[in-house]
């Protein structure tokens, strides 16, 4: 486990999930000792607004850092950790991809409105980073793990809609995370369950890279657990120094904070601590561990390292601005008019 010497220099390069609706005494002590960069929340951590606000405050209090980032996956459709009756049910982002085929400007407005409403929900709860937008292309015949989460199949449209999502989140004081860089859309398997290999050549992969390249100015990015055989046939992007150096940092030009996708996903092999070490060694700034399981968390902490000076700069740069004034009722009415009523 990382001790006080690490705390004196930098937080540990890891984002942790937790077990339930409130911090256990073990979790509180563990987080104080390890000092992770921040946290990620799931449905198991969410009951109602009062509980969630209390939890996010407790998490930051445990670290003694008011700016410690707290992440969540709040996209709309089937990926929503905050759900009715306390929060909005919003459409999948693929709705806007479909709309963009007829009216790109209206679709962009819808993306901005949905993201701004999401940000309003999250900011009120103390959550300041949303793992959105999903910039993976919708590719016919690919696995549906992306599916209607994608903003479309045209890279130019995905870039424009993705930009609108980022702007909507940032306007609400929430940082977006572009994912899954450098692209998960062509995968024929769900990386939660197995390791996908994408055998497309580099010329074809240019389409996949374009939305990430167009949004490379964003502060946060999340890797794909996908092997790009044209670049590195032996390692998933998360654990490939070649993919991270030549494609993500090089060709795409992303210089934000690079976070691994969840270490628990079955696309990665070996003990959980070794997965963390390999991801950091390849060039991820931070690893993401989501399960909240004590034994795994201890192994990840033991295999992690303090946040590098470059990553500390990226983290500081990625901090979202204060939210801008916002009429929630007006925005919700406009969005309902735009995409049809939703419950």
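Table for the structure above
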| read-out | value |
| --- | --- |
| Within the stretch 207-242, considering residues that are assigned to a helix (DSSP H, G or I) and touching a strand residue (DSSP E or B) at 6+ places or on another chain (Cβ under 6 Å), the one surrounded by the most Cβ atoms within 10 Å (Cβ to Cβ) | 238 |
| Total residues in the stretch 260-288, condition outside any helix (DSSP H, G or I), farther than 23 Å from residue 183 by Cβ and in contact (Cβ under 8 Å) with a residue 12 or more places away in the chain | 1 |
| Residue among 156, 204 that alone is part of a helix (DSSP H, G or I) and within 20 Å of residue 97 (Cα to Cα) | 156 |
| Residue identified as surrounded by fewer than 23 Cβ atoms within 10 Å (Cβ to Cβ) and in contact with a helix residue (DSSP H, G or I) (Cβ under 7 Å, 6 or more places away or on another chain) among 141, 162, 77, 168 | 77 |
| Qualifying residue in the stretch 177-184 (condition: in a loop (DSSP other than H, G, I, E, B), within 18 Å of the chain's Cα centre (by Cα), crowded, with 24+ Cβ neighbours inside 10 Å and modelled with pLDDT under 95) | yes |
| Hits in the stretch 56-94 (condition: assigned to a helix (DSSP H, G or I) and under 20 Å from the mean Cα position of the chain (by Cα)) | 56, 59, 60, 94 |
| Residue, surrounded by the most Cβ atoms within 10 Å (Cβ to Cβ), within the stretch 315-342, restricted to residues that are farther than 19 Å from residue 110 by Cα and out of contact with any helix residue (DSSP H, G or I) (no Cβ under 7 Å at 6 or more places or on another chain) | 315 |
| Residues (touching a strand residue (DSSP E or B) at 6+ places or on another chain (Cβ under 8 Å) and within 21 Å of residue 306 (Cβ to Cβ)) located in the stretch 26-58 | 31, 34, 35, 36, 37, 38, 39, 40 |
| Residue check for residue 296: assigned to a helix (DSSP H, G or I) and touching a strand residue (DSSP E or B) at 6+ places or on another chain (Cβ under 8 Å) | yes |
| Positions within the stretch 23-48 being more than 22 Å from residue 67 (Cβ to Cβ) and over 20 Å from the mean Cα position of the chain (by Cα), in sequence order | 24, 25, 26, 47, 48 |
| Residues within the stretch 95-141 that are out of contact with any strand residue (DSSP E or B) (no Cβ under 9 Å at 6 or more places or on another chain) and either free of Cβ contacts under 8 Å to residues at least 60 places away in the same chain or under 23 Å from residue 51 (Cα atoms) (or both), tallied | 19 |
| Filter result for the condition that a residue is at positive phi and modelled with pLDDT of 95 or more, over 64, 17 | 64 |
| Selected residue (criterion: nearest to residue 215 (Cα to Cα)) from residues of the stretch 294-307 that are exposed (fewer than 15 other Cβ atoms within 10 Å of the Cβ) and in contact (Cβ under 8 Å) with a residue 12 or more places away in the chain | 302 |
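The values are calculated or read from the model by the stated rules, or taken from the named source; none is laboratory data. As the structure is a prediction and not an experimental result, all values here were calculated from the model. Here Cβ is always computed from backbone atoms with ideal geometry, including for glycine, and neighbour counts include all displayed protein chains.
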